[in-house]
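> Quick one: this structure, given as structure tokens, is what I'll be asking you about.
Taken together, the values in this text are just the output of simple stated rules run on the coordinates, not laboratory data. Source: prediction; values computed, not measured. Because the Cβ atoms are built from the backbone with ideal geometry, glycine has one as well, and the counts that use them run over all protein chains shown.
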Amino acid sequence: MRLRPLVCIALLLLADCGAYHAARLVVAGGSRTLRERPKDAPASSPARPALLVLAIDGVDRSLLYDMLRGGELPGLAALLGGTAGNFSHAYFDQDLVATLPSSTLAAWSTAMTGAPPAVHGVTGNEFFIRSERRFAAPAPVSFDDATPVLETYTDDYVNNLIGAPTVYEHMRARDPDVLIWVAMHQISRGADRLLLTRRKVLVDAFQAYAEKETEEFAEGKRSRKDFEALDTEVIHDVVARLDDGPLPDVLTVYVSGTDLFTHVAPEGPDAARRAYLREVLDPLFVDLREALAKRGGLDDRYVVVTADHGHTQVLHDTVHALGADPNGGAVALLRLAGFRVRPLMLDVPADADFQAVVAYGGALAYVYPAIGPAVRLRATSATGRSRHASTRTCWRSPMRSTRTTFTGPMRRSCAARSTWS
Ligand SMILES: [Zn+2]
């Protein structure tokens, strides 16, 4: 992916030590060292222009451009070297579009690899990996469990799902000394350092976003403060770290309240995002700009503003909405059709038997039926006698990213392996 010079605003969400040590860091706030720099390596690579990536979740270009040109975001405008209506050094991109699906993790994975979901493999916020019989949920929706969200920062949950080189890995291949910091973005593979908020701040924001809380927002019992707290801590932590030491050549800062709050805001997406951008993020961008400018960190630095997707207001129609109801919707339909449906949860026992999987896919329905007949597994006893062990459903076909047909090879490919179930 070639990075554009000047300011590129596009429709696109941007997330090593031992696990125990990393988990402690998140609990306490702090940062993870993702790679040790060689002892004789320079601290950074100032020979090339530096880069600041502002990754703003859930803000489409028409809304952001309108606010910038209308003078509603003076802090962000100053970071872009302009003022209301005058952005002589900025390039407002009109072409880049979000992925299909325009879900957060699929879109950020594309933004950070340049590859489409069919190639990098992160096809949504939840999806099922047939070949591994594994449910992946980098942003859980169909169940309420923050574990993958936390593991994204402690154990590279999203990094490990992405099957394509990241933009940071591309950069490092060309410039091994480039110093890359990533603040709270889900994708950080190839960077030097991952800056983290305190665990409680992240969990509070996730809980506020979880569906059970939406009624409290509608009734005015909750405010956007949990989302504000998360974004404020992200940027203030970056500001504090810019105070001394080498400045990062590439700095990615991820803010998510624009998306998380918008999902639950009773006033609707446009009003919620406008207020959040103006009242919460813009003052934080002032702080970020001052911290960089104080160190001369903006003198030769491109600023890229990007997002993962927008928001479209729809009627509040719970009757026809696609959701992930454990006893309704697609799950109930599949059960009526005779399928045994995988429970809506992250992990199930290894011997759990199911023939269909439902993942939350936003405006799309993600239903994974098993293809073809069940296959009877055989096990060999200690005496060498063969006996029937169980009947399991084949999940190896169709494979990801291949053009296999649904008939013929399926049984062979299943039967040829011993690990499938
Ligand atoms: Zn998003």
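> Test of understanding: ordering M184, M345, M112, M67 by Cβ neighbours within 10 Å, fewest first, what list do you get? Walk me through the numbers before you get to the answer.
On the way: M184 27, M345 15, M112 34, M67 20.
By the 10 Å Cβ count, ascending: M345, M67, M184, M112.
> For the stretch 64-79, what does the Karplus curve 6.51 cos²θ - 1.76 cosθ + 1.60, with θ = phi - 60°, yield as ³J(HN,Hα) per residue in whole Hz, taken in order and with x for Gly and Pro?
Result, rounded to whole Hz: 5, 5, 4, 5, 5, 5, x, x, 7, 10, x, x, 5, 4, 5, 5.
> With labels modelled as points extended 7 Å from the Cα through the Cβ direction, what inter-label distance (nm, one decimal) is found for V348 paired with N327?
Label at V348, label at N327, 1.8 nm between them.
> Here's something else I'd like to know. Rounded if a/c is under 1.5, else prolate if a/b is larger than b/c, else oblate: which is the stretch 9-307, with a ≥ b ≥ c the root eigenvalues of its Cα gyration tensor? Write out the running numbers ahead of the final one.
Details: a/c = 1.38, a/b = 1.04, b/c = 1.32.
Here the stretch 9-307 falls in the rounded category.
> Moving on. Search the structure for amide H atoms under 5 Å from the amide H of G121, placed 1.01 Å from N in the peptide plane, and list their residues when 5 or more places away or on another chain.
Placed amide hydrogens put G163 under 5 Å from G121.
> While we're on this one: What is the calculated FRET efficiency for D95 to E290, with r their C-beta to C-beta distance and R₀ = 56 Å, to the nearest 0.05? Can you show the working numbers first?
Numbers: r = 32 Å, r/R0 = 0.58.
Efficiency for this residue pair is about 0.95.
> Taking the Cα centre of the stretch 9-307 as origin, work out the dipole magnitude from +1 charges on Lys and Arg Cβ and -1 charges on Asp and Glu Cβ, in debye rounded to 20. Before the final figure, lay out the partial values.
Values: 31 positive and 43 negative charges, 119 e Å.
Magnitude of the dipole: close to 580 debye.
> OK, next. A275 to D40: FRET efficiency via 1/(1 + (r/R0)^6), r the Cβ-Cβ distance, R0 60 Å, to the nearest 0.05?
Details: r = 50 Å, r/R0 = 0.84.
So the FRET efficiency works out to roughly 0.75.
> If you take the beta carbon distance between R48 and T312 as r and set R0 to 51 Å, what does 1/(1 + (r/R0)^6) give as a FRET efficiency, to the nearest 0.05? Numbers along the way, then the final one.
Numbers: r = 39 Å, r/R0 = 0.76.
With R0 = 51 Å, the Cβ-Cβ based efficiency is 0.85.
> A further question on this structure: Which number gives the lysine pairs in the stretch 9-307 that have C-alpha atoms under 22 Å apart and are eight or more places apart or on different chains?
On the way: K200/K212; K200/K221; K200/K225; K212/K221; K212/K225.
The result is 5.
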